[in-house]
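Shown next, in C-alpha cells, is the structure this report addresses.
Taken together, the values in this text are just the output of simple stated rules run on the coordinates, not laboratory data. The model shown is predicted, which means the values in this text are computed figures rather than measured ones. Cβ atoms come from the backbone with ideal geometry, glycine included; neighbour counts cover every protein chain shown.
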Amino acid sequence: MMRGVLIVSGSVSVGLGVIGIFIPILPTTPFLLLAAGCYARSSDRFYNWLLGNRLFGNYIRNYREGNGIPLVMKIAIILLLWATILFSAFMVVSNVYVQIILLIIATAVSMHIILLKTKK
C-alpha cells in the first residue's frame with residue numbers, strides 16, 4: 001500500500017512541478033525533488049523515467065549532486081520569474097497587499113536562484 005501512495009505522491013509532485021514551470025509562485029524544484037524521492041523509494045521504473053526525462057533529468061541530477069545551475073539558465077529563470085510576477089502583480093491583481101506579497105516571493109525566489117552554485 002505504501003508503494004502505491006509513494007507512486008501517486010510522486011506523480012502528483014511531477015504534475016505540480018510541471019505547472020510550476022508556467023506559474024512562478026508554484027516552485028518547480030521542490031516538487032521534482034519530492035517526486036524523485038518518492039519514486040526512488042517505490043518504483044525503479046518511474047525513478048529512472050524521471051531522471052532520464054530530457055526536460056527534468058539533468059536538472060534534478062545537477063541539483064541533487066550540488067553541481068549547480070548554468071549561468072544562462074539562472075538568468076532565464078530570473079527573467080521569466082520577474083516578467084510573470086510583474087505582469088501578475090500590476091496587470092492582474094489590484095490588491096496592494098497581494099502585489100507586495102508577489103514581489104516578496106519573487107525576491108526570495110530570485111535570491112535562492114542567485115545563491116545556488118553556478119555550474120561551469
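The label-point distance for R41 and S110, in a model that sets each label 7 Å from Cα toward Cβ, rounds to 3.6 nm. Between 0 and 90 degrees, the angle of helix 96-115 with respect to the longest Cα principal axis of the chain falls at about 50 degrees. Return the whole-Å distance between the Cα centroid of segment 39-68 and the Cα centroid of segment 76-120. Measuring centre to centre over Cα atoms gives 26 Å. Between V12 and A76, the C-beta separation translates, for a Förster distance of 30 Å, into a calculated FRET efficiency of about 0.70.
Using helices alone, I'd like the mean residue ellipticity at 222 nm for the chain: each DSSP H run of four-plus residues gives -39500 (n - 2.57), total over residue count, nearest 500. Display every interim value, and only then the final one.
Numbers: 6 runs with 89 residues, N = 120.
Here the helix-only value at 222 nm equals -24000 deg cm²/dmol.
Once the Cα atoms are used to define both axes, helix 71-87 deviates from the longest principal axis of the chain by about 50 degrees.
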